[in-house]
Amino acid sequence: MAGNGLSIWILGLQVFAVGVLTLLVMGVLAIIWMYVHDVRQKRHAILRNFPVIGRFRYFFEHLGHFFRQYFFAMDREEMPFNRAQRSWVYRAAKNIDSTLAFGSTANLAAPGAVLFVPEVFPTLEEDAVMAGPLLIGPHCANPYLARSFFNVSALSYGAISKVATLALSGGAARAGCWLNTGEGGLSPYHLDGGCDLVFQIGTAKYGVRDAQGRLSDERLRELAAHPQIKMFELKLSQGAKPGKGGILPGLKVTEEVAHIRGIPVGRDSISPNGHPEVRNVAQLLDMIAHIRAVTGKPVGFKLVIGGTGFFDELCLEVLRRGPEGVAPDFITLDSGDGGSGAAPQSLMDHAGLGIRESLPAVVDTLREYGLRERIRVIAAGKLILPVDVAWALCVGADFVVSARGFMFALGCIQAMQCNRNTCPTGVTTHNPDLQRGLDPADKAARVAHYVANLVREVGVIAHSCGVPSPRDLQRSHARIVTEFGQSEPLDRYYAKAAAQNPVFPR
């Protein structure tokens, strides 16, 4: 018996030695192959001059992003969202304690910092009230009574995964907020959770186009027949890529995505950079009137502005058509620092005004022309925290929408892989192995928690300012830090900015 055991042990050792030797030989052969390949190729100077070793440069460059995120960047240094911002959303979505200890790590003297004005005698809890619903499109056959001032912004199926869409739909239904379908058309996963939906009509008319790619009245009627679809949003542009249409890489155009959008499988889905039939303000209002007449539901449009006189032209044309004439039921104002699954860096980094500058200018222009009560204003663009949403309400927004905030609620870790179908959390990939980690039921609960905790904390800010409800917040309830380190009331600050450098010069 002892001899047999020794023989088995020796045999095992021999097998191990052969395995190690095989691996060493394969490793040496691989290094030889890489050396020959590197010195012969002509595309990369580093590899040609430093064969094999030069490969570490590209490996470390790839890892650098993750090392900076987890080890080197301070809590408030990262872009586009820092660790402090993401951490608040994660805690809110998990419904765990979001309080902090010791002191703020924010630079409260930094130019642009928002400071709310606490009332000496704040609103008592027993006097606080929930923010009530707000009617959109009162002159439509089927107006929409929107229950929540915080909602899910455009997230197209295709850009995000099936499981992510299911989680958003279920979570939005629980939270009582709406979900914007994005320009990719209506999927069964949008409908699955039973939430209110805003159907977005992009420049390619995905999901609402005829065989020639034109807007189809028949498809509009079919969509409007869904009781969950409450409004239609005509997308003119978005903050991450104004002047450029949607971009969905071909590797994310699956058979199902292609069927929903009406495009070929596996080919890049590139939307036109504008609506061919909408080339001026009059044509824009005509299309809004047409969609509203066909659907009977509120219709608005989404855009990011760059300081032109567009809103003056819009308001004048609305007034020219008279009090019973057509006007958009809502305007979704995106920010120049908005997000997207794929966009040219030149546009993502350098095109469009930020929401901090454009929102007050748009609200003031609508007020100047007497159209503020007729047109609802929806603010978008990096507004993921209670302070951001409270600021937007102070300035004059009726609603705030967020896409990336809800992606964080789903578990997004800002891996910056949205356009590669390799999202490690399953949010923006169609790889079933990666989708397996995202449980729609669990993440739907997190989406609902995120909305509830954000709305609650905006209420806390409102009560500190002495008003009973978030919708009562005004510009007098906040100040903004100037370049000299001093703060000014929002109304004075924006009035001075408009006089010195108007967004819409008269």
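The ranking of D127, D329, D312 from fewest to most other beta carbons within 10 Å of each one's beta carbon is D127, D312, D329. Using the Stokes-Einstein relation with a Kirkwood hydrodynamic radius computed over Cα pairs, the translational diffusion coefficient of region 430-469 at 25 °C and a viscosity of 0.890 mPa s comes to 199 µm²/s. Ranking of I288, I378 by neighbouring Cβ atoms within 10 Å, starting from the fewest: I288, I378.
Within the chain, the whole DSSP H helices whose Cα atoms reach 24 Å or more along their own axis and whose mean Kyte-Doolittle score is at least 1.0 are 2-40. As a proxy for reagent exposure, ranking M130, M34 by other Cβ atoms within 10 Å from fewest up yields M130, M34. Placing +1 on the Cβ of each Lys and Arg and -1 on the Cβ of each Asp and Glu in the chain, which of L473, F484, S402 has its Cα farthest towards the positive end of the resulting dipole? Most positive-ward Cα: S402. Loop sites only, by DSSP: take the chymotrypsin sites (Phe, Trp or Tyr not before Pro) in the chain that have at most 10 other C-beta atoms within 10 Å and name the longest stretch containing none of them. In the chain, the maximal stretch lacking such sites is 103-483.
Which of the listed residues, G250, G459, L234, is farthest toward the dipole's positive end in the chain, when Lys, Arg count +1 and Asp, Glu count -1 at the beta-carbon? Comparing the listed Cα positions along the dipole, G250 ranks first.
Assuming charge only on the beta carbon of Lys and Arg (+1) and of Asp and Glu (-1), the dipole of the chain about its Cα centre is about 1300 debye to the nearest 20. Working note: 222 nm ellipticity from helices only, DSSP H runs with n ≥ 4, each -39,500 (n - 2.57), summed and divided by the residues of the chain, gives -12500 deg cm²/dmol to the nearest 500.
Highest mean packing comes first when the peptides 435-443, 39-47 are listed by Cβ atoms within 10 Å, giving 435-443, 39-47. The modelled label-to-label distance for the pair A293/R48, using points 7 Å beyond Cα in the direction of Cβ, is 6.5 nm.
For the chain, the longest piece that avoids every one of the GluC sites (Glu not before Pro) found in DSSP loops with at most 13 other C-beta atoms within 10 Å covers 120-276.
Report the Rg/Rh value for the chain, based on alpha-carbon coordinates and the Kirkwood definition of Rh.
With Rg and the Kirkwood Rh in hand, the quotient comes to 1.06.
Charged neighbours of P468, selected by a Cβ distance under 12 Å, balance to -4 (K, R count +1; D, E count -1).
Each reported figure results from applying straightforward, stated rules to the coordinates on display, with no laboratory input. Just so it is clear, the structure is predicted and the values come from calculations on it, not from any experiment. A quick note on method: Cβ atoms are made from the backbone with ideal geometry, for glycine too, and the neighbour counts reach across all protein chains shown.
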